[in-house]
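Here is the structure we will look at, set down as structure tokens.
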């Protein structure tokens with residue numbers, strides 16, 4: 001199946017299958033995954049959350065600092081040093097400065113979250129986050145045994 005699906009279909013299929021096995025927002029669960037699988041999950045979740053609602057959304061939905069380290073490790077594993085550098089040097093310090101404030105937004109109201117975008121500095125860096133779906137899919141195709149769950 002991995003060889004037969006086009007890249008987009010394969011990415012969707014692998015992602016959905018992995019979600020049935022691993023909880024992408026739980027670092028403890030992710031640490032049980034093979035390193036390449038963990039790199040796939042963490043970097044894809046990060047990029048797709050940012051693509052959907054920006055860095056502010058990613059860090060709101062995934063507040064555990066251990067997850068960001070797994071994202072950074074995932075980029076290193078995939079050989080994406082520049083992506084890691086941008087997140088580590090530019091994004092992470094801003095996210096760390098806003099962590100307590102972001103926690104104060106958890107009042108159960110979506111309106112509170114949406115209104116907070118104007119206060120966050122993270123959206124300034126959304127466009128610096130690139131998608132690396134091609135690199136992840138190349139890794140899946142070259143390591144089918146890890147993804148045939």
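Just so it is clear, none of the values below were taken in a lab; they were calculated from the coordinates. A quick note: this is a predicted structure, and the numbers were derived from the prediction, not measured. Because the Cβ atoms are built from the backbone with ideal geometry, glycine has one as well, and the counts that use them run over all protein chains shown.
Take the Kirkwood radius over Cα pairs of segment 3-91, plug it into Stokes-Einstein at 20 °C and 1.002 mPa s, and you get 160 µm²/s for translational diffusion. Using Cα atoms only, what is the angle between the long axis of helix 65-77 and the major principal axis of the chain, expressed in degrees (0 to 90) to the nearest 10? Computed tilt is about 40 degrees. Taking only Cα atoms, what is the 0 to 90° angle, nearest 10, from helix 133-142's long axis to the longest principal axis of the chain? That helix lies at roughly 30 degrees to the long axis.
Computed extension gain for residue 111 through residue 76, at 0.36 nm per residue and net of the alpha carbon distance, reaches 9.0 nm.
Relative contact order of segment 7-147, please, whole-number percent, based on alpha carbon pairs below 8 angstrom and at least 6 residues apart. Don't skip to the answer; put the middle values down first.
On the way: 116 pairs, mean separation 43.7, N = 141.
In percent, rounded to a whole number, it is 31.
On the basis of the beta-carbon distance and an R0 of 22 Å, residue 146 and residue 61 show a calculated FRET efficiency of 0.25.
Tell me the mean residue ellipticity at 222 nm calculated for the chain from its helices only (DSSP H runs of n ≥ 4, each -39500 (n - 2.57), averaged over every residue, nearest 500). About -18000 deg cm²/dmol.
Between segment 84-149 and segment 34-71, the alpha-carbon centres lie 5 Å apart.
Sorted fewest first by neighbouring Cβ atoms within 10 angstrom, 98, 28 come out as 28, 98. When only alpha carbons of segment 22-66 are considered, Rg and Dmax amount to 10.4, 28 Å.
For the chain, taking Cα atoms only, Rg and Dmax work out to 15.7, 47 Å respectively. Each label was represented as a point 7 Å from its Cα along the Cα-to-Cβ direction; for residue 23 and residue 96 these points are 2.7 nm apart. Quick one: helix 7-19 against the long Cα principal axis of the chain, what's the angle to the nearest 10°, folded into 0 to 90? With rounding to tens, the tilt is 70 degrees.
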